[in-house]
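Reviewing the structure listed below.
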6 protein chains.
Amino acid sequence: MKILLINSNTSQVVTDKVAAGARAVASPGTEILAVCGDFGARVIGTRSEEAIAHHSTIALAARHAEGCDAAIIAVSYDTGLRGTRELLDIPVVGMTEAALLTACMLGGRMGLITFGARGRPVYEELVASYGLTSRIAGWRTVESTAAYQPGFDDELEALLVREAISLVEREFADTVVLTGAVMAGVGARIQSRVPVPVLDGIAAGVPQAELLARARWPKPTRGSYAAPGARELVNVDAAIAKRFTP
Amino acid sequence: MKILLINSNTSQVVTDKVAAGARAVASPGTEILAVCGDFGARVIGTRSEEAIAHHSTIALAARHAEGCDAAIIAVSYDTGLRGTRELLDIPVVGMTEAALLTACMLGGRMGLITFGARGRPVYEELVASYGLTSRIAGWRTVESTAAYQPGFDDELEALLVREAISLVEREFADTVVLTGAVMAGVGARIQSRVPVPVLDGIAAGVPQAELLARARWPKPTRGSYAAPGARELVNVDAAIAKRFTP
Amino acid sequence: MKILLINSNTSQVVTDKVAAGARAVASPGTEILAVCGDFGARVIGTRSEEAIAHHSTIALAARHAEGCDAAIIAVSYDTGLRGTRELLDIPVVGMTEAALLTACMLGGRMGLITFGARGRPVYEELVASYGLTSRIAGWRTVESTAAYQPGFDDELEALLVREAISLVEREFADTVVLTGAVMAGVGARIQSRVPVPVLDGIAAGVPQAELLARARWPKPTRGSYAAPGARELVNVDAAIAKRFTP
Amino acid sequence: MKILLINSNTSQVVTDKVAAGARAVASPGTEILAVCGDFGARVIGTRSEEAIAHHSTIALAARHAEGCDAAIIAVSYDTGLRGTRELLDIPVVGMTEAALLTACMLGGRMGLITFGARGRPVYEELVASYGLTSRIAGWRTVESTAAYQPGFDDELEALLVREAISLVEREFADTVVLTGAVMAGVGARIQSRVPVPVLDGIAAGVPQAELLARARWPKPTRGSYAAPGARELVNVDAAIAKRFTP
Amino acid sequence: MKILLINSNTSQVVTDKVAAGARAVASPGTEILAVCGDFGARVIGTRSEEAIAHHSTIALAARHAEGCDAAIIAVSYDTGLRGTRELLDIPVVGMTEAALLTACMLGGRMGLITFGARGRPVYEELVASYGLTSRIAGWRTVESTAAYQPGFDDELEALLVREAISLVEREFADTVVLTGAVMAGVGARIQSRVPVPVLDGIAAGVPQAELLARARWPKPTRGSYAAPGARELVNVDAAIAKRFTP
Amino acid sequence: MKILLINSNTSQVVTDKVAAGARAVASPGTEILAVCGDFGARVIGTRSEEAIAHHSTIALAARHAEGCDAAIIAVSYDTGLRGTRELLDIPVVGMTEAALLTACMLGGRMGLITFGARGRPVYEELVASYGLTSRIAGWRTVESTAAYQPGFDDELEALLVREAISLVEREFADTVVLTGAVMAGVGARIQSRVPVPVLDGIAAGVPQAELLARARWPKPTRGSYAAPGARELVNVDAAIAKRFTP
């Protein structure tokens, strides 16, 4: 099986982190094809950067989906998820959506840890867009630049452990979700120090993509996720244009 | 991998249907151990029957979980899901919860088809208990006894197709979920006649159980899903009692 | 009038506490028949214990309802409420539901005090299941074993007073609800020290049961609370079986 | 016990209907003091009429509450409920709120029957203001002037029966609530023709007022329902002014 | 353009404050006609005072709307908004509703600052009545009598700045709303010290009234906001009576 | 005043229709600068087309905002609204959000008319993203290609009138909102045949943009709508890049 990991950041270091995280949890025989955006923000953080990245996600999806069995949006705002899910005829998974749905599978309410004050409302809107606000026990928002460096960071991880435990003890969270593409693999690293399951979007998203790829529910031919079919678009990447040609 | 399928109905015919459905979608190498209740309703339909079946689910889980990698509640009210999830140290999946969460993975809002007027409010409460009411595009409730016979039924399937199409066309559903343990396998049978993915609880639940079993998130040691630990219970099945002994 | 108090804990001390609380608030001429479970947890605290107690509640109801005018589920998770309400042809009251609805009658939003971290999510789910989450001003969760001893405890009551005042001052609660069967009578004991009404499930449930018994709305003959009628059940208590025989 | 029935309509015929309905369901020994507004709409139907009636409700409450044990707002928009509940030191019940809460006590979701297209949004807002929207299975809105005549009307009652049955069969309602002060007593009249409990606001409100009067939870001394205490008001009814004087 | 400012408080000082605030933000050529209640509370603070003020609002509207292009309810509970909106054939704006909707226009979630513990639940109910609870990031409630004095108060404003910053930093509010008629103009005074837009109801309400007056959407002739038409009312102000005469 | 109308469709005919609609409702002295996308779909209809258009919206905003006092997203999915609102230092209005908020100003619940089955879920998600789902009385979805032709269409308008009346009579809508950029001006055309206000996004959006431009609430310097500041982006339009340079 081959899974396309779409990282519409334009930072190879982030793409590499995510890809490494994905490979660490992929089933034997699952190949990870990680692609990095070629325009837009180095690290998508703000609302306008995300708006640009919607397009980049579509472009990366259109160029690289051929031959893949599923795709994962490897940006933690799940940027472009709905558009890509409509466009492609393979399953498309949002890394944060996957973490939220996996937390639901484990039961109870989840605590969320996000990075950066200005991203917090965006995550709250994202959770609400999935109809899952009532499944959130509480939020913690941390400031850190260490996460965007290569490798892992002990101090950051210690901070995450403290926040996770606070979510369990004070908000009665039954699971903890770490958001952020760069958190790929961090859930597993701190798990032993946290008394409830710690999920990150890649650790949740890869298995979910594998599940959907194996299950082969058909692409809808009606409704808002049917392929767009023949539509007139101008001045778009050839790979995109091709998807809209009958 | 070995998955325990807990059917707290006391009808072997229902258990057999569910087990067949599960085996049809299980990965190669996944063994399905289907167990049938030994007390309570032949077919759990009413609220009081379900109350009794909570206990039966716990008893079946306690007796048979040993050596299994995951368990599925194979009753479509997900009877006893939360209690079993707490009790066992393996992942526990609710068949209807699994279908709902899988529909979320596929995107948009789902149409639900349920059986029997008196069960309809129970399903509405179940969906609400997962916080997923806003993800429902519409409901259809059909009356049929054919579903509880061995084998499949053409007339019933034609009815389900009509209702599914109605959910797509009039309620703008992007997926359709068939509830009912006896619907195991029916989603796949009618899929070609419905323009959006058709999910049933077993077709969704088995892959989800496999996913969780492979992913090995740890059993929580705090919170409402931690194992109960040493607790004093009286006059319960020895297998149950053993689970509460340190 | 005779009210059946169904305590599916298997601790006579708890049943006695609840019964005493009920008798203290019952109208003159109301007889309280308090029955204690004969299988399951001494004190229902966890999700799996509650699953077992669903069955016990049905069994106690089936055995003892004859000749009663109403029943109260005297376990603070309202264990088995919906099933018992369906099964019996007399009104069935949940002690926590009664406290929540009574707080609604008094107006504004309520503060809730619960016992034990692992029960907190269960109470949140219970409140949500009644559709009353928006009526909650805030929560306080205390740890105490004193509540389960015979008699009352000054230190615990002082703690409850502090938490109740905090709910009024910091969460703007207009009423306070104490959950827990063992809180029967405690509301009245601390009332003078709290500036808003303090409700417990028994103090609220007994009058509600009397109200419903007097009002004599008919047992529904359609819908999800109609009696199940003739249904096939196996290996259940004779009293249960009798209820399912036409 | 003496219950004040505050009907801020200025139609004695409506007040008489409500009073008769209240007396029909009151416990032996309960006296009903029904008072009629002296300014404002004959029959409160519109939003501006209701705004005026808020004041009238307060005036009637201030004048007549002395010596009463509880009060009922006998206008089906529960006009002035919150203000009166704050002002008086006896329990105050809203007739529609009482019906909604009683339907909750009986379980499941309720169907609502309202009169007049322009009142329908007002009822929807009222239900939402109690946080009970999720407990509504469906609505039916009928046009009728017969309801406002003295006595009962066979044709209207036949219509109500049809709508109630429709709510049960098509919306899966487990109870039916008739709104409208003039529906006092109609629930009981049509009950035998409807397969689930039929509630009206007076049949629900009188027992609830009796319950609260007997239970004697204290008047809050803090929060938004504490008595206003000494406040400066000008040009108000002497009875109102007296309530704001220390 | 002429805007009627309806302040159903009976304090000329409050009316003057509100009028000054309105004139400060009105467009050139907009005339503000500020009217003060002649019965009821000096400063509407409690639920019963507000009930009386509903009537006063209707009376002031009926008397003074002639010749005006729009009206603003200049009481921060938006007292009588719905009734006045129905009654008049010009647009009617609620000052707090206007602030909430304007905050929506600016994006994200808002922090609310209210005055007085007993008013807090009333504001929460008001926000909920507009369906906007999910748009609130957090609340702060301050106690102050200074606000009701003529002129401005440095200490109070410093407190408001601190609370506003707290809402931004700890609740991630993207805007801040000051409730209270006496806050008219305070938003502008503290704006430079707060890093997000600070709205008050008058600063938001006047432009909204101007917008609606210019846009000239027609008065509805059906539904719950159509004019009541010929209706029988007794003992009401002649100006009110005239509005109900065909 | 100069308002930028951002139409990220790539159809000049649509841009012209929207611009004409905007000019028809703009205040004297307001200049409308309507810009059309240069890449992407002719008419944005599907989810993937919208994803591309997010970028186009940002590009158009970055290129043309200089010298403008406010901007309007003139695509009815409000495509790129949040990103543009963050990026620019002038107010940014979403045409559909504006219609929804204006309907709120007029009171009650609104009926929505949308075009095309596959767009319907997208609109439902959009309304939910503003937290306004509870303000919707009902939906009607029509199929029409006439709307995308130059000029107006009598048959289409007759259909819209019928649907609007149906929303008033059967769903109790107090206002009606027409979605779709090509509906600019249609509200005014059919208004006389509909008994409640009919809003379209341009008729609502232009006055709202004028209001915000005049009111001059400051650009936030904190939170999720503060300008992004110096950020590293690659391969983006020079106008975009300039916005991210300090």
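The values are calculated or read from the model by the stated rules, or taken from the named source; none is laboratory data. It should be emphasised that the depicted structure is a prediction, and the values quoted were computed from it without experimental measurement. Because the Cβ atoms are built from the backbone with ideal geometry, glycine has one as well, and the counts that use them run over all protein chains shown. Side chains included, ligands, DNA and RNA excluded: accessible areas come from the protein's heavy atoms. Shrake-Rupley method; radii C 1.70, N 1.55, O 1.52, S 1.80 Å.
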Quick one: label points 7 angstrom along Cα→Cβ at A:R193, distances to the other copies in nm, smallest first?
4.1, 4.1, 5.8, 6.9, 7.2
Cα gyration tensor shape for region B:88-212, rounded if a/c is under 1.5, else prolate or oblate:
rounded
If you place +1 on the Cβ of every Lys and Arg and -1 on the Cβ of every Asp and Glu, how big does the dipole about the Cα centre of the protein assembly as shown come out, in debye to the nearest 20?
0 debye
Tell me the distances, shortest first, between C:E232 and the same position across the other copies, using label points 7 Å along Cα→Cβ, in nm to one decimal.
4.2, 6.5, 6.5, 7.2, 8.1
Given 4 °C and 1.567 mPa s, how large is the Stokes-Einstein diffusion coefficient of the protein assembly as shown in µm²/s, with Rh as the Kirkwood radius over Cα pairs?
39 µm²/s
For region B:1-59, the Cα-Cα pair-distance distribution in 10 Å bins from 0, as whole percents, is 25, 47, 24, 4
Need one value: the accessible area of B:C68 in square angstrom, 1.4 angstrom probe, rounded to the nearest 10.
10 Å²
Taking the label point 7 Å from Cα along the Cα-Cβ vector, the copy-to-copy distances for C:Q12, listed from shortest in nm with one decimal, are 4.3, 6.5, 7.8, 7.8, 9.4
If each K or R counts +1 and each D or E counts -1, the residues other than F:A188 whose Cβ falls under 12 Å of its Cβ total +1
Which whole number gives the average count of other chain Cβ atoms within 10 Å of the Cβ atoms across peptide A:52-64?
5
For the Cα atoms of chain D, what angle does the longest principal axis make with the long axis of helix D:47-64, in degrees from 0 to 90, nearest 10?
50 degrees
Helix D:120-129 sits off the longest principal axis of the Cα atoms of chain D, rounded to the nearest 10 on a 0 to 90 degree scale, by 60 degrees
note: region A:147-201, Cα-Cα separations exceeding 18 Å make up a percent value of 24 percent
Cα-Cα pairs of chain C separated by more than 25 Å (percent):
39 percent
Inter-chain Cβ neighbour average for residues A:132-139, partner chain, 10 Å:
3
Could you tell me the distance between the Cα centroids of region E:1-27 and region A:1-79, to the nearest Å?
56 Å
Whose amide H sits under 5 Å from the amide H of C:A70, counting only residues 5 or more places off or on another chain, with H placed in the peptide plane?
C:K2, C:L4
Within region C:32-69, list the GluC sites (Glu not before Pro) lying in a DSSP loop whose Cβ has at most 13 other Cβ atoms in a 10 Å radius.
C:E66
Would you mind telling me the antiparallel percentage of the DSSP bridges in the protein assembly as shown, rounded to 5?
5 percent
Of the candidates F:T57, F:G45, F:A71, the farthest towards the positive dipole end of region F:18-86 (Lys/Arg Cβ +1, Asp/Glu Cβ -1, centred on the Cα centre) is F:G45
Taking only the Cα atoms of region A:152-246, how large is their convex hull per residue, in Å³?
187 Å³
Using only the alpha-carbon atoms, how far is helix A:12-25 inclined from the longest principal axis of chain A? Give it as 0 to 90 degrees, nearest 10.
80 degrees
Surface accessible to a 1.4 Å probe, per residue, for the residues of region A:48-203, Å²:
27 Å²
How big is the Cα convex hull of region B:1-138 in projection, averaged over all directions, in nm²?
8.2 nm²
For the pair F and A, how large is the buried accessible area, both sides, in square angstrom to the nearest 100, if the probe is 1.4 Å?
3200 Å²
What is the average number of partner chain Cβ atoms found within 10 Å of a Cβ in F:78-86?
6
